[in-house]
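Report on one structure; see the data block that follows.
The values are calculated or read from the model by the stated rules, or taken from the named source; none is laboratory data. Just so it is clear, the model here is predicted, and its values are computed rather than measured. Every residue, glycine among them, receives a Cβ derived from its backbone with ideal geometry; neighbour counts consider all protein chains shown. For accessibility, only protein heavy atoms count, side chains too; no ligands or nucleic acids. Shrake-Rupley method; radii C 1.70, N 1.55, O 1.52, S 1.80 Å.
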Amino acid sequence: MRFDIITIFPEILSSAFSAGIIKKAIEKGLLEIKVHNLRDYTHDKHRQVDDRPYGGGEGMVLKPEPIFEAVEKIKIYPDAVVYLLSPQGKRFTSELARQLATKSQLILICGRYEGVDERVAQYLVDGELSIGDYVLTGGEPAAWVIVDAVARFIPGVVGKPQSVIHDSFFNGLLDYPHYTRPREFRGMKVPSVLFSGDHEKILRWRKRKALEKTWRLRPDILAQKELSSEEKRLLDDIIKEGERNESD
Ligand code: ADE
């Protein structure tokens, strides 16, 4: 899969993909990430990428011409998808990350907080994407987040495919708790079930903990999930236990 990021600050992203799992995936040839300087698609002496807003107002607005030209040059695969990164966009989710990982090319345009000429959103891109309800100074941190989250779904990028399946959000639940050595640290103990050697029991415990965490921390995602009968039973138990603890 190929990722293309269009930005006026390529230096922000220059080290983003040069370590860890993403770097290994690039070396293995599983993905390619190209960061493009928007100024390279201008034709004037000052390499101007922005201009004052029509109608007046604060700040500068990114001009449409270099963005259109960049996308037209960069887009090479028929199934390529193009997104403008902005706080007005559709919320980026794990499910969208999984879908985007099936494409040959993802092109991300980093906006600036003052704005991007609306013709980009209206006529050039497949949509606008936001990573959350807050305003960044530009789309660069969002591009990093999206490339990272999509890359994890490309087969071979994460060593064990099972890790992706067990991750938070994949099954509509948060991840279960993890522990490593030491068995006891400052009086804090690792749950004994994890030493039982009983894999069935450990699996059930993990499922219950994942449900419990999701119920406590993200009831909104739990409400959207279709629960199996075992999950419903576990959740009833968890809720009853929570009520008992409250009345103690
Ligand atoms: N640009 C500015 N804020 C953003 C956000 N929340 N998500 C994506 N791009 C952005």
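Show me the GluC sites (Glu not before Pro) within region 1-72 that DSSP assigns to loop and that have at most 12 other Cβ atoms within 10 Å of their Cβ.
Glu58
For the chain, take N as its residue count and report Rg(C-alpha) divided by 2.2 N^0.38 Å.
For the chain, the normalised Cα radius of gyration is 1.28.
Hey, can you grab everything whose amide H is under 5 Å from the amide H of Gly139? Only 5+ residues off in sequence or another chain; H modelled, so Pro and N-termini drop out.
Residues meeting the amide H criterion: Gly111.
Which whole-number percent gives the relative contact order of region 1-159, counting Cα pairs below 8 Å spaced six or more residues apart?
30
With a 1.4 Å probe and all protein chains left in place, how much of the accessible area of region 184-247 comes from carbon and sulfur atoms, in whole percent?
Solvent-exposed carbon and sulfur of region 184-247 make up 48 percent of the total.
Tabulate in residue order the Karplus-calculated ³J(HN,Hα) for region 42-52, using 6.51 cos²θ - 1.76 cosθ + 1.60 with θ = phi - 60°, rounded to whole Hz; enter x for Gly and Pro.
Going residue by residue, I get 9, 10, 9, 4, 8, 6, 6, 9, 9, 7, 5 Hz, with x marking Gly and Pro.
Could you give each residue of region 161-177 its phi-based ³J(HN,Hα) in whole Hz, using Karplus coefficients 6.51, -1.76, 1.60 with θ = phi - 60°, and x for Gly or Pro?
For region 161-177, the Karplus-derived couplings read x, 4, 4, 5, 5, 7, 4, 3, 6, 4, 9, x, 9, 6, 5, 6, x Hz, x marking Gly and Pro.
For a quick check: with amide H placed at 1.01 Å from N, whose amide H comes under 5 Å from Asp167's, ignoring anything fewer than 5 positions away on the same chain?
The list, which skips near neighbours in sequence, is empty: none.
Project the alpha carbons of region 1-117 onto their principal axes and report the range along each, largest first, in whole Å.
48, 32, 28
Return one number: the angle in degrees, 0 to 90 and rounded to the nearest 10, between the long axis of the Cα atoms of helix 140-151 and the longest principal axis of the Cα atoms of the chain.
Approximately 50 degrees, to the nearest 10.
What FRET efficiency do you get for His178 and Glu95 if R0 is 22 Å and r is their Cβ-Cβ distance, rounded to the nearest 0.05?
0.40
Quick one: 3J(HN,Hα) in Hz for region 30-37, Karplus 6.51/-1.76/1.60 with θ = phi - 60°, rounded, Gly and Pro as x.
7, 8, 9, 10, 10, 9, 10, 7
What accessible area per residue comes out for the chain, rounded to a whole number of Å², with a 1.4 Å probe?
Accessible area per residue: 62 Å².
Compute the angle between helix 229-247 and the longest alpha-carbon principal axis of the chain, please, reported from 0 to 90 degrees and rounded to the nearest 10.
80
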